[in-house]
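Here is the structure we will look at.
Bear in mind these aren't lab numbers, they're just calculated from the coordinates by the rules spelled out. Just so you know, these numbers come straight off a predicted model, no measurement behind them. Note that we place each Cβ from the backbone using ideal geometry, even for glycine, and neighbour counts take in every protein chain shown.
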Amino acid sequence: MRIMRSFLLFVGVMLLQWWWNTHLAYWGAAPQFLLALTVLIAARRGSVTAMLIGFAWGIFVDTLRADLFGANALLYTVAGYWAGMARKQIDLRAMGPLAAVVFILSWGYTLMIGVVGLVFQKSFLWIGWVPALLTPFLNALTASVAAVVWEAWGEP
Amino acid sequence: MQRENRIAHYVVGMLTTLSLVLLSMPLSSPVRSAKALASYIFDPISYEGERGAQKMAGVPARVRELLTADLQNRILQEELRGITWIKLTIESLSLENKRLRRALGLKMSSGRHPIWAHVMERDPLHWYRSVSVDAGSDLDVSLNDPVLGRNGDVLVAVGRVVEVRPRTSTVLLLSDERSAVAAYLSSATLEGLAQGQDSPHLRMNYINAEAKLFLGDFIYTSPTSATFPPDVLIGRVAKVYPRDPFLTFQAVEVAPFLDATSLQEVLILRTRQSEREPAAEEEPAGTEQAPR
């Protein structure tokens with residue numbers, strides 16, 4: 001049963017991310033469900049699970065773009081690892097710290113995707129001011145809502 | 001805890017290395033294969049997602065259509081209740097008419113049995129001449145049955161059946177130059193003959209030479225018409241031709257009330273009724289009510 005629910009979560013969040021990006025993104029700003037959920041999984045199930053799922057989700061995001069295949073896989077893996085390490089110091093089950101960590105990681109993602117572009121494509125990939133400023137807030141909100149849903153779904 | 005940390009370090013190292021390999025060798029064959037494999041696995045998500053989104057996008061419109069249809073259905077049911085009463089009245093009047101005709105020794109009018117048919121085909125070379133419809137002898141359509149069209153709520157004379165096949169028929173339009181129908185002008189009940197011109201307009205000849213004619217006058221089928229029931233709308237006077245001193249009558253140009261080229265469906269007034277259909281009454285309820 002748990003495997004089934006995990007599979008549904010894995011596919012469902014990818015579908016949600018694709019659908020939101022395609023139909024509901026305004027000025028390039030859309031919540032990064034996959035990143036927020038990777039951090040949430042790291043907070044609830046540990047860094048190893050989060051890294052494996054984050055890597056797969058990253059590959060999914062990478063298949064949707066033409067360049068930098070592996071960039072999102074790398075960043076989501078690192079986000080899962082970092083959040084897994086952080087949960088030993090901070091109580092990430094609480095909504096406030098979780099939202100703060102997601103907010104910081106979102107900014108880190110924005111900068112790091114630029115750096116990855118600089119290293120592998122010789123140009124800093126800047127996602128634009130509106131997404132850069134809005135996305136961290138949207139991600140923090142998403143993580144908070146996802147944590148509530150996670151509890152309601154009866155997941156540990 | 002130490003063991004968990006160690007595993008986490010191994011996994012992050014492994015996945016990071018894998019990601020860096022993917023990033024650093026984007027054009028190598030293994031990386032391209034990996035990307036193709038990932039696309040093969042993940043593409044159905046976006047493909048099926050898009051199909052699902054399209055289906056979902058159509059749902060509000062369908063729900064709206066359903067609600068509109070429900071409202072229309074209620075309105076039509078209300079109208080139908082009223083029409084049932086009108087039908088009873090017409091049947092009663094028809095029977096009364098029949099009794100009176102019999103009492104006065106008048107000839108009985110022939111009954112007609114309307115049937116709707118769809119226009120199947122038009123010959124582009126004979127646009128204003130004829131159309132084919134999807135009702136034939138199987139539905140008791142017979143030669144010279146009058147054919148009407150609908151413009152809004154008004155029934156309009158369109159032509160007559162000139163060829164009957166088992167499942168289809170050919171309708172000769174009023175605009176064909178071989179067509180002619182006895183007609184009268186609404187303002188002065190002046191009789192004449194509306195004839196086709198192989199063009200969008202008809203010409204009405206043989207109008208009394210002394211009569212005053214007006215533009216926009218309505219033209220209806222005459223009771224003397226051999227084919228059409230009386231008082232069916234044909235069109236309006238579009239132009240009064242100057243009087244020809246060598247002729248003893250006047251003529252007008254008639255703009256048909258229904259453009260034959262826009263016909264989608266037609267009403268055929270059949271003169272014979274199938275045995276398959278239930279007989280209405282001894283004398284049918286009469287012809288289709290001619291609009292005025």
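Summary of computed values
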{"read-out": "Inter-chain Cβ neighbour average for residues A:8-21, partner chain, 10 Å", "value": "2"}
{"read-out": "Reachable lysines, given that their alpha-carbon falls under 20 Å from the alpha-carbon of B:K87 and they are not under 8 places away in the same chain", "value": "B:K98"}
{"read-out": "Which of B:W85, A:W107 has the fewest Cβ neighbours within 10 Å, and the rest in rising order", "value": "B:W85, A:W107"}
{"read-out": "Amide proton proximity set for B:K239, modelled H, under 5 Å, gap of 5+", "value": "B:E253"}
{"read-out": "Where a label projected 7 Å from the Cα of A:Q121 along Cα→Cβ would reach, residues of the stretch A:49-89 with amide N under 13 Å", "value": "A:62-72"}
{"read-out": "B:M56, B:M204, A:M4 arranged by Cβ crowding within 10 Å, fewest neighbours leading", "value": "A:M4, B:M56, B:M204"}
{"read-out": "Compactness of the stretch B:1-108 - radius of gyration and Dmax, Cα, Å", "value": "38.5, 117"}
{"read-out": "Residues whose placed amide H lies under 5 Å from that of B:G159, excluding near-sequence neighbours", "value": "B:V147, B:L174"}
{"read-out": "Inter-label distance, nm, simple model (7 Å from Cα along the C-beta direction), A:V148/B:V240", "value": "8.0 nm"}
{"read-out": "Cut-off 11 Å between beta-carbons: net charge of the residues surrounding B:S39, Lys and Arg +1, Asp and Glu -1", "value": "0"}
{"read-out": "Cβ neighbours within 10 Å from other chains - mean over B:196-203", "value": "0"}
{"read-out": "Cut-off under 5 Å, modelled amide H: who pairs with B:L190 long-range", "value": "B:L185"}
{"read-out": "Residue-by-residue Karplus 3J(HN,Hα) for the stretch B:78-93, coefficients 6.51, -1.76, 1.60, Hz, glycine and proline x", "value": "4, 4, 4, 4, x, 5, 4, 5, 4, 5, 4, 4, 4, 4, 5, 5"}
{"read-out": "Average beta carbon contacts from partner chains per residue of B:39-47, 10 Å cutoff", "value": "5"}
{"read-out": "Protection proxy ranking of A:41-50, B:258-267, B:43-52 - average other beta-carbon atoms within 10 Å, highest first", "value": "A:41-50, B:258-267, B:43-52"}
{"read-out": "Virtual spin-label span in nm between B:S24 and B:L80, 7 Å along Cα→Cβ", "value": "7.8 nm"}
{"read-out": "GNM top mover of A:V39, A:V130, A:V13 - chain A, alpha-carbon springs below 10 Å", "value": "A:V130"}
{"read-out": "Nearby lysines by direct alpha-carbon distance to B:K239 (threshold 28 angstrom, same-chain neighbours under 8 apart not counted)", "value": "B:K212"}
{"read-out": "Alpha-carbon Rg/Rh ratio, for the stretch B:113-270, with Rh computed the Kirkwood way", "value": "0.99"}
{"read-out": "In Å, descending, principal axis extents of the Cα set of the protein assembly as shown", "value": "117, 49, 40"}
{"read-out": "In Hz, Karplus ³J(HN,Hα) per residue of the stretch A:75-88 (6.51, -1.76, 1.60; θ = phi - 60°; x = Gly, Pro)", "value": "5, 5, 4, 5, 4, x, 5, 5, 5, x, 6, 5, 5, 6"}
{"read-out": "Karplus 3J(HN,Hα) series, Hz, for the stretch B:214-223 with 6.51 cos²θ - 1.76 cosθ + 1.60 (x for Gly, Pro)", "value": "10, 5, x, 4, 7, 10, 10, 5, 8, x"}
{"read-out": "Anisotropy class of the stretch A:2-152 from Cα gyration tensor, a/c 1.5 cut", "value": "rounded"}
{"read-out": "Segment B:D123-B:E265, length gained on full extension (0.36 nm per residue, minus Cα span)", "value": "49.5 nm"}
